[in-house]
Structure formats: C-alpha cells, structure tokens
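First up is the structure itself, then whatever we jot down about it.
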Amino acid sequence: VRKKVNEMEPYVPGKSIKEIAEKYGLREEDIVKLGSNENPLGPSPAAVRAMEEELESVNRYPESGLQDLRETVADYSGVDAEQVIIGGDGADEIIEVLGKTFMDPGCEFVVPMPSYMYYEYTLQSHDARPAYAVWNVEENRLELDSVLESLSDSTRLVFLCTPNNPTGGLIDKEDIRAVLESTDALVVVDEAYFEFAGVNNVDLLPEYENLFIMRTFSKVMGLAGMRIGYGLGSPALIEYMHRVKPVFSLTRLSHAAALATLNDREYIRRSAEYSIKSREFLYRELKKFDNIRVFRSYANYLLLDIRDTGKRASELAEELLKRGVIVRDCTSFKGLDEYWIRVSVGTLREDRKFLEVLAEIVG
Ligand code: PMP
C-alpha cells in the first residue's frame, strides 16, 4: 500500500436511515433524516418514470459522450455544451477528476476552513498539500486576505464554496474576482447549493479561463442516490478533464434521471421554493431557543452553535438519533470545535419533529 494511503483516515459521511434504524431499534419510516442536505420532497416523478423506462436497456453500456445531457445542462446553466463535464459519482467525482488533471506530488491546493471536507480528503491521495485559508464563522464570510496569503507558486487549485458548507454564507462576487486575478491556479467555485441562494457566478466564466464551477444533482434536483454532478469551465479545460475522467461512470439510469429532471423545470423551481420557505421557518423557530445560536444560511441547511446547552455536538447528535432524528455533528469539520451541529432543512413536518425533539433535550 502506498505510504500516503497508509497514513489516511477514512472519510465519514452522514449516517443513513438504515444504519440508525438497526442501531436504535427504530422503524425506518419514523426516522427524520436531516444530516446530508438532500431534497426532502423526493425525486421528480418524471425522473422516476424515465428510470423505469431505461431499466430494460441496462444490459447495454452507458453513453460515454453524454452529448444530450451536456447540451441540456448547458442550456440550464447558460453556457455551451463544450463547457460542460458530467461526473458519475456526483460532484465528488468532479473533485477526483480535478485531482487527476492538476495534481503532481507536492503541489498545493487552497481550502478555507470550515468548508466541505471532501476536497482535502480526495486530494490527499494525490499527494497534494493543503494550504488552509479562513472562513470567518462569526461573520459568516470568507476572509479574502487569508486566501490571497495562502497562494504560492505551487498552488494548483483553490476551492471556494458558495453557499459555504457547513456555514451557509455566500462569497461576494468581487472576492471571487479578486482571487481569480491573483493566481494562475484553477479557482473552483463550488455551487452545489446555488439554487437555494438565487445567485451564481456563471457570468464570470467568459472573463476568466482559470474559473471552474462545480455543481450537483444531489440537492435541489433530488437525485443524491443516483450520484450525478457537473462542472462548467473553458472548453480547453473540459477537454483536459475528459482525458482522465472514468469513461462509463454515469449509469444509464442516472443519465435518464438527470435529463428528465432538467426537463421538469417546475419541479426544480418548486423544490427550491419549498426548501427556502422551510429554511426560513426553521431559522425563526430556532431563534427562539436561548441556548442555541443559529446562523443565516443561503443553502438548505443551518449551522447551530450549541455550546450554551452544556452538551457537545456528539452528545446532542446521539440523543437526537435515539429519538429518530439524524443531524450532522460537525466535530470532524476542520475550523470548528466540538460544539457545532448542521441541520438540513426538511419538510415542514420533519422540521417540526426536529424542533420538538430538540426542545425535549435542551429546552
Ligand atoms: N460540494 C458540496 C459543498 C457538498 O455539500 C456536496 C455534497 N455533500 C458535494 C459537493 C458533493 O455532492 P455529490 O457528490 O453528491 O454530487
């Protein structure tokens, strides 16, 4: 085994409903899952139908060129098809492809802390070194200077997540522009949650060759289980990335589901609208707890500082689990201590169940 792999810790994703049901002797249908920022309304019915129709063709390999999907994504995003790459293990595959495209051993990438942990997890296996910048949690904004100071001649990638996971804050377009102008490295703007914020950075693509935007079908599109992500960049960049991308990683079912969902714009619009309404409800209700601090979010989750409850996040998460509510204990996020919880926005019924159970424990 490679030295680097020997040293690595495994990535621990959010818990699944099945795991929790088994561990705590609960019925799966009684569990409220607010740990992984998914769409609580279920997939688009059109996507389900499209997958059913595709089932009979699964003896055939998937399409590898994905031209129709690239064109549909391009139309949705406001770019050309040759500016689109599709990832078959979600946006996480896109990160892996970025690693394969850009990272020689010893090169560096910049990540703010706290932010999405999978960037570092993926790139460490490419023998790349992280340079940490700062996300100011109290003010919920990127410390631009810390990013600029982290840049070096060895920087190949800079990750900027907006809205940021797990804090929910946005990065100003002017700050993104400042980073783009300060480096030749590729600046990866992760817009996994942009539909909940109503803003994006596609308008910067024609101006900056070193900009890449990464997105996913796992959030507002309701297809986390189908593992589909995409990236937008210059045609030259996308061509390089295709050289190292796994050829058949997008399954036939995922391909069909992605196309059907993008053609169901009403579902996407309704999903975003619902989660935004639900987020504002949850935010208002959480504000009423005097021992919990809740932060403004532009995504489909809220970050909570729970230190005044006298409990650690691991304890509170465990007590919620026993009562059938899954949230994200953020202790493993670099840049946060052991007193932070991230809760996804659910249906209004799920939000109420979470609030009720939380009040039982800390109210
Ligand atoms: N970026 C961010 C900020 C995320 O939160 C996630 C999902 N947790 C991803 C990327 C990856 O999404 P997926 O692999 O499900 O497409």
per DSSP, antiparallel bridges as share of beta bridges in the chain, % nearest 5, sits at 45
Distances longer than 18 Å among the Cα atoms of the range 50-136: what percent of all pairs is that? 61
Within the chain, helix-based [θ] at 222 nm, where runs of 4 or more DSSP H residues each add -39,500 (n - 2.57), nearest 500: -12000 deg cm²/dmol
Relative to the compact-globule estimate 2.2 N^0.38 Å (N residues), the Cα gyration radius of the range 275-363 stands at a ratio of 0.98
Round to the nearest 0.05 the FRET efficiency obtained for residue 153 and residue 332 when R0 = 22 Å and r is the Cβ-Cβ distance. 0.10
So for the range 224-350, if I pair up every lysine 8 or more residues apart or on another chain, how many of those pairs have alpha-carbons under 21 Å apart? 6
Qualifying GluC sites (Glu not before Pro) in the range 109-147, DSSP loop, other Cβ atoms within 10 Å at most 16: 138, 139, 143
Extension length gain for residue 360 and residue 242 (0.36 nm per residue less Cα distance), in nm, is 37.3 nm
Computed on Cα atoms, the radius of gyration and Dmax of the chain in angstrom are 20.2, 58
Expressed in nm to one decimal, what extension gain is obtained for the pair residue 281 and residue 127 from 0.36 nm per residue of sequence separation less their Cα-Cα distance? 51.1 nm
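Read the figures in this text as sums done on the coordinates, not as results from a lab. No experiment lies behind these values; they were computed from the predicted model shown. So basically every Cβ, Gly included, is an ideal-geometry build from the backbone, and we count neighbours across all protein chains shown.
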